[in-house]
Structure formats: structure tokens, C-alpha cells
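Read-outs throughout are calculated quantities, based only on the coordinates presented, and are distinct from any laboratory measurement. From a predicted model like this one, the values you see are computed outputs, not experimental measurements. Virtual Cβ from ideal backbone geometry, glycine too; neighbours counted across all protein chains shown.
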Amino acid sequence: MVVLKIAVISKPIAILVLGCLPLAALTVASFAGLGDLDRDLPSIDAIDLTTAGGSPSLPSPDGLEGDQALAEAVVEREFFAGGPLPENALAANPSHLNSLVSDWKHWSDATDLVGEVLAVEESLVGAELAQLESARDRFEKIQADCRKKAPAGSARLLRVLDRRGRELQDEIGMRRKRVQADKLLRDAESACRERQYDEGLSLYQQVLREYSAVIDVQAVEERLRTAKFWHELEKLPLESPGEQDLVRRRDSLVRFLDDYSGLSGGPEQEKLREISGRLEAVRLELRQAEMNDAARQPIAGLEKYDARPFGEGLATAAQIAEKYPTAWVRGQLQQRVVAWLGRALPRKRLDEPAGIEEVETTSGNILRGFFEPVADAGGGVIGYKSYPTAEERKNPTRNVGRYPAADLRGVPNLSVPRQCVDAYTNAQSRLLADAGNLDCWLAFRRTCESAETALVDYRRKPGSSRESLSFSGEIQFAKNVLMPAVWKQMQAIWEE
């Protein structure tokens, strides 16, 4: 057995030796340049050419080295260039190279075949589906032609072609599935844009289930997750009718944020920030609800101060407000304090008849009664008649005196006590409506002081009413509330 290593033979001799190989070996060596057969074949440098039973008979290296002219001619035409050998290539006694001459047509056929296959392969670069299908048809024709004129030793070549044909058909099948998957993905996106999330989710799931081999699974899963995000967002209880739903809302929002916190889309991130804000608001509501429940008993305990609320009662209410700082607690305490204020600053009542009027004379006396103007012929008021009752004025039963207008300081009007009471009533109403407002308290105190001053001056005059009316208590009460320590307690109850 003679073993030759191609790696140690010069380039021309290597070509000549390969020329004596069966067509399969030549063709396989050509296909090795495609990179498809690396798994099946050793490199050329490692091929052992062995003289044995069933293998081609190879000339000895000594004989080959003398055919320099033929070797150079083959090299000049390049390996597998195809075509017939030049006439002058056989001039130097080629008797021992007859096998190369007789097999040269196989060389040429093999290179033509390789050229056709290479052309098909080159057409596949960046090919669309239609181009792939056209290339498949060309490849099938190559396979059919090769089978018709298959020479000895071509079985391995046919296996290579069959395998490549299957790979091409598999690629076409994959492309077709990718086209179908792309259509389903477009339909899913369209359904989600129309807020038909059930349909969109179903299509995304179908793509993942049936086309996972031809899609970017991670990208489609992200789309599916985004669609679920918007679908579940529509069902999320962002608002609830009562406190009993706060726990359910909190748990739903927490679950939603946990499920979708990793979404990277801009609109989704904006919504997630909004949901986070709502979750904090719900948590605050829950904390406030807990404080409200805890404050119910202390608030109810303020009833014991109803008789004498100001002092310890107001201080206790301020402590409750500071311990349980919620709007509901403040509202309850404010109602309680306003009720206390209503009892401490009651409405004033007068015993005088409704509609009675007064007017002061130029001598400083107060005339009280139910007055009827007296006019001259021209319609000008020249004086007033005074009746003891409203009924008498309406239906006089006797003559009454007349007071000339010149003897009066102004015209008959509401009595001074009535004017004071009306001013007090208005100020008290404003105060009770906004008891935490410092300006209302200051205005109330000024009104009471003005009313008290007016009453003192009024009662010095003869004929004035002797109503037991006074505002001194209200004045002192307002001063007490406006003391810094007490006003701080009021602020604790009213200010957030």
C-alpha cells in the first residue's frame, strides 16, 4: 500500500493527483469551498490517497514529476476551470496520464455543476420568498439533470444535493410561516388599537403557540404583555364608591404594578407612574380610615364637655385633631366646636313688638311707636303721627298727636336695640360658618363692641327702651378665644 499526503506534493503534482480521483472526490472538493460540507469531509490537506482494492490506480510521484508541461497547462487553466485540455499539453509522452485525459470530461461536467449550484447559492443572498421559490425550482432541475447523467462515484454528490434541496425547502417553509405570523401580528396590533383586547390577546397567543420557530419570541411576548397591560388597565378599579372598597383597590393596584413594572414603553411608563400615584393615595386613604376609626371613641367622649366646653373641652378637641390628623376627624371636631359656639354665642331676642320704630327729637328724647307720615298739599312730609300699636295705625280709633318733621332728628327707623341685634346676628352667622377664620372673629368682636357702645349711649336718652340687652359677655368670649394659647387650639382643629 502506497500512502501519499497531498500536503507534501507541489501544487502542480497535487492537481494531477486529484485529476485521477473519482468524480465524487473532485466534486466534493469543489463543494468544500461553499462551506456546506465541512462537517462531512476532512480538509484537502488531510486526504489520504491509498492504493488498494477498489480505489483508482495512481501513478508514482517519480513518473508525475516528469510531466511538467501538462502540469503547467492544467495550472494555467485553474483548478476546475472546465473545457478541454490544450493540444500541446500532451506533447511530452503522456502515456501514463491516459486516465487523466479520459476523465477530464468528468472534471468539466463537475465544474459546470458546481458553477450552477454556486449561481443558485449566490441568488439566495437577501432573497425574498418569491426568489427563494424560484431558486428552489432551479435547484430541483439541477438535481434532476444530475441524476440522469450521474457518472460512477457520484452517489455522495447526489446526497449533498438532496440535503441542500431539503434545506432550501425548509427555508421556504419557514419564510411562509413567517409571512403568516407577520399577518397575525398586524391583525393583533390593529385589534388592540381598536381596544378589542380579547381578540388581540388571542392572536398574540396563537402566534406564540404556532409560530415560535420563526418569530422573535421575546419581542412577541413583550407585545402580548403590553396588550394585557392595557386590557387589565380598563378593568382596574381606579375609583370606588366607598371606604369598604379601599382594601380591594389597594390590592388590585399593587398586583397590577407588580405584574407590569418592567414595561419599557413610554405610554405604559406614564400610566404606571399614574397608577403608582393612585396607589399612594389609596394607601393614604386607608391610613386615614384607620385613624378615623381610632378617633371615634375620643370624639364621642367630648360630650361630657358640652355644658362647659371652653377650656378643657377645647384643649381635648385640639389634642384629638393633632393625634388623628384626617379631614374626617377635623370635620367631626369642627361640628362639635361650632355647636359649642352656638350655645356660647346664642341669638339675641327682643321683647319689643315687631315693626316698632324710633326717632330722636331735637331735644334728645326717643319717640317709640308706629309712625304714619303726614304730607302737605304738595306731597312733602311735614311730620308724623305716632300710634301705640300696628293695629291702631291700620285702623285708627282716635286722634293722635302729630310731630312736626322739623322737631325730629331724621326719620323713624328700626329701634337701636333692633339694629344692634341684627348686626350681631349677621356677625354671629358669619362666625359660625367659618369659625376657624381669624378675620371673622375680629369682625365679630368689633360688631359686639360697637353694639354695646351704641346701647350705652342710647339708654342715656329719655324714652329709650329698657330691654335687658347686652353684648359684654360676647365681647369677653371673643377676647378669650383670640388669646394666643386658645387660638392655637382653634387652629389645630381647623387648619390642615
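Miscellaneous remarks
- Among the listed pairs 323/488; 348/385; 228/271; 183/228, those with a Cα-Cα distance over 23 Å are 348/385.
- Candidate lysines for bridging to residue 148, where Cα separation is under 23 Å - those fewer than 8 sequence places away on the same chain excluded: 105
- Theoretical FRET efficiency, 1/(1+(r/R0)^6), r = Cβ-Cβ of residue 362 and residue 443, R0 35 Å, to 0.05: 0.50
- Coil-residue trypsin sites (Lys or Arg not before Pro) of the stretch 179-281, DSSP, other Cβ within 10 Å capped at 15: 195
- Sparsely packed GluC sites (Glu not before Pro) within the stretch 146-222, loop by DSSP, other Cβ within 10 Å at most 10: 194
- Modelled FRET efficiency - R0 60 Å, residue 231 with residue 343, Cβ distances, 0.05 increments: 0.55
- The peptide list 405-413, 420-428, put in order of mean Cβ contacts within 10 Å with the highest first, becomes 420-428, 405-413.
- By the equivalent-ellipsoid construction on the alpha carbon gyration tensor, the stretch 286-325 comes out with semi-axes of 22, 10, 4 Å, ordered largest to smallest.
- Among residues other than residue 496 with Cβ under 14 Å from its Cβ, the summed charge is -1 (Lys and Arg +1, Asp and Glu -1).
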